[in-house]
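The values are calculated or read from the model by the stated rules, or taken from the named source; none is laboratory data. None of these values were measured; they are calculated from a predicted model. Backbone-built Cβ (ideal geometry, glycine too); neighbour counts: all protein chains shown. Just so you know, the surface numbers come from the protein's heavy atoms only, side chains and all, with ligands and any DNA or RNA stripped out. Shrake-Rupley method; radii C 1.70, N 1.55, O 1.52, S 1.80 Å.
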Amino acid sequence: MFIEQPSKWLRWLYPSAIWRMDHSEKAVYITFDDGPIPEATPWILDTLDKYDVKATFFMVGDNVRKYPELYDMIKSRGHQVGNHTHNHIGGLRHSYRGYLRNVRKADDYIHSNLFRPPHGWMRHDQYLYLRKKYTVIMWDLVTRDYSRRLNADDVFENVKLYTRPGSIITFHDSLRSIDKLKTALPKSLEWLKGQGYKFKVFDDNQQRSRHLK
């Protein structure tokens with residue numbers, strides 16, 4: 001993943017991907033990558049409920065296969081879901097066909113028109129195909145909650161420093177992140193609310209239509 005905000009050249013590499021939403025609206029899009037897992041997802045959902053916030057979960061298909069009750073819980077609480085491949089594989093390390101097979105396999109469990117590539121990378125031929133089938137959602141701010149070099153306060157500071165209208169903010173529904181999230185996520189949601197931000201989720205049908213125009 002790239003540090004905090006993606007560079008201009010990375011946005012240029014995947015030009016039809018969505019990196020940030022409407023700049024003129026004071027709204028943010030909270031996203032979680034990599035789950036669902038029993039050690040993190042239920043706590044994240046309870047915390048989002050506490051603050052009356054809906055989010056978009058980019059999920060690993062094999063995790064949904066193992067924990068279908070968590071997928072159902074995410075959907076039943078009104079959150080959006082997206083495809084994050086079946087085995088959290090990086091496009092650069094896999095062939096064109098192998099990567100696309102893995103994305104399609106995740107479709108059997110996730111059922112979404114939204115896609116986010118693990119690590120924020122994929123080969124250009126993979127991207128050119130996937131953008132025809134999915135709305136590719138990237139991010140405007142990655143909190144780096146997965147980093148061993150950062151603590152919970154650092155994660156929260158990243159939210160404060162880099163959030164702006166239309167930001168797509170990425171947290172992680174993972175073992176590497178959950179200890180920091182238990183402090184950083186409530187503080188971030190409280191701060192965002194205090195700054196007057198609204199919280200929105202992606203509508204996969206609307207985003208698909210916008211992408212194809």
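Here are the numbers for the structure shown:
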{"item": "Cα lying deepest toward the dipole's positive end in the chain, options 137, 60, 126, charges on Cβ", "result": "126"}
{"item": "Dipole axis of the chain (+1 Lys, Arg; -1 Asp, Glu on Cβ), positive-most option in 48, 92, 80", "result": "92"}
{"item": "Expected 222 nm ellipticity per residue - DSSP helices of 4 or more, -39500 (n - 2.57), all of the chain, to 500", "result": "-13500 deg cm²/dmol"}
{"item": "Entries of 132/182; 26/133; 26/187 with Cα pairs more than 27 Å apart", "result": "132/182; 26/133"}
{"item": "Label assignment, Cα extents along the principal axes in Å derived from the structure, set (i) 39, 38, 37; (ii) 45, 41, 35; (iii) 44, 37, 34", "result": "(iii)"}
{"item": "Protein accessible area in the range 47-86, 1.4 Å probe - carbon and sulfur %", "result": "45"}
{"item": "Gyration tensor (alpha-carbon) shape descriptor, the range 111-189, a/c threshold 1.5", "result": "prolate"}
{"item": "Under Karplus coefficients 6.51, -1.76 and 1.60, residue-wise ³J(HN,Hα) of the range 76-92 in Hz, glycine/proline x", "result": "5, 8, x, 8, 8, 10, x, 8, 10, 6, 7, 10, 6, 9, x, x, 5"}
{"item": "Mean Cβ neighbour count within 10 Å, used as a protection proxy, ranking 8-15, 180-187 highest first", "result": "180-187, 8-15"}
{"item": "Net dipole in debye of the range 68-137 [+1 Lys, Arg Cβ; -1 Asp, Glu Cβ; about Cα centre; nearest 20]", "result": "300"}
{"item": "The range 72-213, dipole about Cα centre (Lys/Arg Cβ +1, Asp/Glu Cβ -1), debye to the nearest 20", "result": "440"}
